[in-house]
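Just so it is clear, none of the values below were taken in a lab; they were calculated from the coordinates. Predicted, not measured: the structure shown is a model, and the values here were computed from it. All Cβ positions, glycine included, derive from the backbone under ideal geometry; neighbour counts span all protein chains shown.
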Amino acid sequence: AQPSPRSQRWEHDSMMNRGLNKQLTMVSNINLTQILLLANLIVMSIIAVNFSKSASNSIQPTVHMEEVSLLPRRDETSNNFQTRGQPRLGADHQIMPSYNYSSTNRNPAGIGSTDAAGFYFVDPKEGERDFYKVGRTTGTDKVQAPTRLPGCLQDDKKCTRPNCTRPECRPWGHHYDTIYQQRLGPYSRDDVEPFQFLEVGFFNGGGYDTYRSFLPKAECHSIEIACIEPGPRSEGKWPWGNFAAVNSRYQQYLDENRLHCGDGNDVAFLESVWKNEMKRPDAPPLKIVVDDGAHIAEHMVQTIFFWLPRIQPRGLLIVEDIQPISEASAFTTQFLPQLMKDLHYCGDPKQAKDHLCFPTLFPLLASIHCEMHICILERNDHPAREPSLEESKPPKNALDLKQCKSSLPGHW
């Protein structure tokens, strides 16, 4: 149902007040969706100005940036938030801040090394590509935290979330390169067998471009809702603009049949992409799926229940952006504890209190590897299977662990 109309006065986030000191008064006929959209546009405008100012003092050009929006917007026909980012400033006209990446300035530790700012980097093994370096070239938000944290710590005004207790949460961007280097590094080699890769959430393509560069042997696919027919959500269309079209290779990806426009949370659409575009007689095996879509817990678990069974043995399913925000927090507080419980399930008949939470996922799961705001599920050696559409949907207990018998008092 559409949110009820209301009047509301917005006082812009304190971090943005340097560029906007006026208060916005909303008249009574403006609904919540319109308010959030307007606020989102204001945030994007302010950030664009700030990026432009910083660009004038830099030298090295690169491409687009993703997900800089601070305010989620609510779907006009449901209670789901669409937390998406700002359209990039231009495919070839952005400037990235300088950052001393030289390995000679880092101290070896474990499987990697620590730089002067305290960031840990995983060293690529022989023959592997360097995810951090590739990400710096494409400008994806997946590797931006090391670049932005030092300046953020010196000046709170440069922080996206300046008051976080954990410093790594304050700047814009992530430090996913450590887990990606460990788990995707072997797939980046030139001598690896061809395989399929799927990203759910193309947005403006910064992540997708990174994967295509980092994984040269992969047949890379991506799903994006913003490139469907424009129009009201109540009619199954998209009213907020085509984020994907700003990518300089947008038409190329469409022509290659690698970018698929539709709702990544709709199992019927997912099945059509899988059966008609990916599960071809000449297609390589599906090995990797990444969820970087709406950042909503319900969508994340939908990605897992649909795609994990279809991934080939020892393949990977990656869920990004599981940070503690209202839209995503149920993934870590409700879903993940149940999945961890199933990972260690034995089914000993002498232990009557031991029950499975997700019987369809349990037979397929080998491991769970998490770092800050990202988790990777590894498939075991059981063959891939294709559940029915009903089985491909999350069960009722997916985001409510109290509905799993093992979570009740007296059970394990």
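Whole-Hz Karplus values for the range 212-217 come out as 5, 6, 6, 10, x, 8 Hz, taken residue by residue from phi with 6.51 cos²θ - 1.76 cosθ + 1.60 and θ = phi - 60°; glycine and proline positions read x. Measuring from centroid to centroid over Cα atoms, what is the spacing of the range 269-316 and the range 352-396 in Å? Their Cα centres are 13 Å away from one another. As a ratio to 2.2 N^0.38 Å, the alpha-carbon radius of gyration computed for the range 216-362 takes the value 1.22.
One way to sum up the overall shape of the range 324-412 is the equivalent ellipsoid from its Cα gyration tensor, whose semi-axes run 20, 18, 14 Å, largest first. The length gained by stretching the chain between GLU277 and THR360 to full extension, at 0.36 nm per residue less their Cα-Cα distance, is 27.4 nm.
List the trypsin sites (Lys or Arg not before Pro) in the range 323-412 that DSSP assigns to loop (not H, G, I, E or B) and whose Cβ has at most 12 other Cβ atoms within 10 Å. Which are they? In loop regions of the range 323-412 (DSSP not H, G, I, E or B), the sparsely surrounded trypsin sites (Lys or Arg not before Pro) are LYS350, LYS353, ARG385, LYS396. For a test of the definition: using alpha carbon positions, the gyration tensor, and the 1.5 limit on a/c, classify the range 110-196 as rounded, prolate or oblate. Here the range 110-196 falls in the prolate category. Charges were assigned to the Cβ only: +1 to each Lys and Arg, -1 to each Asp and Glu. The resulting dipole of the range 334-393 about its Cα centre is roughly 160 debye.
Hydrodynamic analysis of the range 161-237 uses the Kirkwood radius over alpha carbon pairs. Inserted into Stokes-Einstein at 25 °C and 0.890 mPa s, it gives a translational diffusion coefficient of 161 µm²/s.
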